[in-house]
Amino acid sequence: MAPLIGIFGGTFDPVHLGHRNAVDALCKTLEFAQINWVLSARPPHKDQVNATVEQRFEMLKIALKDEPRYVADDIEIKRQAPSYTIDTVKAFQQRYTESRLCVIIGGDSLHSLHTWRQYDELMQTVNWVVMHRPGYSFKVPSELTSRLVESPAQLLEHASGKLWLYQASDYDVSSTQLRAKLTQKRGAQQTIVRNFLTEDVINYIQAQKIYMMGDSPVTKSIMNPEQIKDHVIDALEDVKGQDIKAINIADISDFADYMIVVSGSSDTHVKALARSASDKLRSQGVKPLNEDGADVGEWVLVDFGDVVLHVMRPEVRNYYDLEKLWDEDVRKLVEQARDERGD
Ligand code: ATP
């Protein structure tokens, strides 16, 4: 049987684990000799947080480098004229004369397929796999139902013109969401970003400072929340912080993973504790995003992104009781809300 070549197009801005895991899972079900990840050209965007075409292509190469069957393909970005899938398919027919072609798309594209250039010809020229994408229905437009097949084996029985719906791995993520997270200054978002991008792609984004609005922590944070928390605690112990308490709020907060509370015996001590923590973390490459209250010295807040530190005079700490507020009251409210939603 002629080898099967997949064409998986996208803007990949950036390429994420939603793409990668879905295609990896698909490859376990359908035997592809090769899948070309075809980078789409995109008109220069006013929004400056997008990556350039070269950066998108570089990220694609990085994200695919461990799988020999995946090819980062620049055929569409090299084309001078506007680039359409039908042109890519025709170019592939000339390039891979002995192969069968299959275009792979996510479920969100299913409903706009009819707007694609030379739609009828395109549908007939290749086979199609539509990968389920969380949040998008798998309802097939009526004009396509006659093309549907039930299984990958049935798809392989036809040289072209058939469509198979694949329940891919359910990674609920999009490049748009990730770009938004990457531009935010909060720590917990970085954790989300880490869950959906490969380490090497994150390193490239950091090195190139892509998607950054100003001085985003993503460029700085080379430590995970646990490590930041441990360094902050060390720094507080170095200058005799009293009653240090670290509360894990990752499950109830979307702004940080840890809140640390510590008491200082005087204004000077409070300021010294905050300074000790900021200096230590700065020396490790983690720049505080914000520091508040250091002029007065009753309550200093230092925001390290994933970890927020509150240094307080004991009477202020007793009065506001942040520990109870977060560890008990907020937790109760969040759990109650989750129960009501049935999460
Ligand atoms: P954006 O949010 O910028 O539109 P995207 O995350 O949808 O980006 P694209 O580069 O546009 O990514 O997607 C390329 C292809 O991958 C499309 O066919 C899309 O439907 C599919 N796709 C994207 N994310 C997922 C996912 N989480 N699961 C399955 N398919 C996906």
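Of the conditions (1) open to solvent by less than 30 Å² (accessible area, probe 1.4 Å); (2) touching a residue at least 40 places away in the same chain (Cβ under 8 Å); (3) away from the ligand (no atom under 13 Å from the Cβ); (4) in a helix (DSSP H, G or I), ALA63 clears all except one; give me its number.
Among (1) open to solvent by less than 30 Å² (accessible area, probe 1.4 Å); (2) touching a residue at least 40 places away in the same chain (Cβ under 8 Å); (3) away from the ligand (no atom under 13 Å from the Cβ); (4) in a helix (DSSP H, G or I), ALA63 violates only (3).
Would you check if SER283 is among the polar types (S, T, N, Q) and surrounded by 15 or more Cβ atoms within 10 Å (Cβ to Cβ)?
Taking the combined requirement at face value, the residue does not satisfy it.
Of all residues in segment 78-92, which are open to solvent by 50 Å² or more (accessible area, probe 1.4 Å) and within 16 Å of the ligand (Cβ to nearest atom)?
TYR84
Would you say PRO152 is open to solvent by 10 Å² or more (accessible area, probe 1.4 Å) and at pLDDT below 90?
no
Against the condition more than 12 Å from the ligand (Cβ to nearest atom), modelled with pLDDT of 95 or more and outside any loop (DSSP other than H, G, I, E, B), how does PHE57 come out, does it pass?
So PHE57 fits the description; yes.
Determine the pairs where a residue that is at pLDDT below 75, located within segment 162-187, has a partner that is of a type in the set (Ser, Thr, Tyr) with Cβ atoms under 8 Å apart, the partner being 6 or more residues away or on another chain.
Every condition considered, the pairs that remain are THR183/TYR211; THR183/SER216; GLN184/SER216; LYS185/SER216; GLY187/SER221.
Can ALA41 be described as open to solvent by 30 Å² or more (accessible area, probe 1.4 Å) and away from the ligand (no atom under 13 Å from the Cβ)?
No: the conditions fail for ALA41.
If we scan segment 93-107, do we find a residue that is within 18 Å of GLN34 (Cα to Cα), open to solvent by 80 Å² or more (accessible area, probe 1.4 Å) and either touching a residue at least 40 places away in the same chain (Cβ under 8 Å) or touching a His at 6+ places or on another chain (Cβ under 9 Å) (or both)?
Yes, that holds for at least one residue.
For SER278, indicate whether it is small (Gly, Ala, Ser) and closer than 26 Å to LYS181 by Cβ.
yes
For segment 97-126, which residues satisfy the criterion of being assigned to a strand (DSSP E or B) and either under 21 Å from SER169 (Cβ atoms) or within 11 Å of the ligand (Cβ to nearest atom) (or both)?
Once the filter is applied, which keeps residues that are assigned to a strand (DSSP E or B) and either under 21 Å from SER169 (Cβ atoms) or within 11 Å of the ligand (Cβ to nearest atom) (or both), segment 97-126 yields CYS102, VAL103, ILE104, ILE105, GLY106.
Check ASN36, ASN50 and return the single one that is at pLDDT below 95 and either part of a helix (DSSP H, G or I) or in contact with a helix residue (DSSP H, G or I) (Cβ under 9 Å, 6 or more places away or on another chain) (or both).
ASN50
Regarding VAL334, is this residue among the β-branched types (Val, Ile, Thr), farther than 23 Å from MET223 by Cα, without any contact (Cβ under 8 Å) to a residue 24 or more places away in the chain and open to solvent by less than 70 Å² (accessible area, probe 1.4 Å)?
In short, no.
The values are calculated or read from the model by the stated rules, or taken from the named source; none is laboratory data. Note that this is a predicted model, so its numbers are computed, not measured. Cβ atoms come from the backbone with ideal geometry, glycine included; neighbour counts cover every protein chain shown. What goes into the accessible areas is simple: the full protein's heavy atoms, side chains included, and nothing from ligands, DNA or RNA. Shrake-Rupley method; radii C 1.70, N 1.55, O 1.52, S 1.80 Å.
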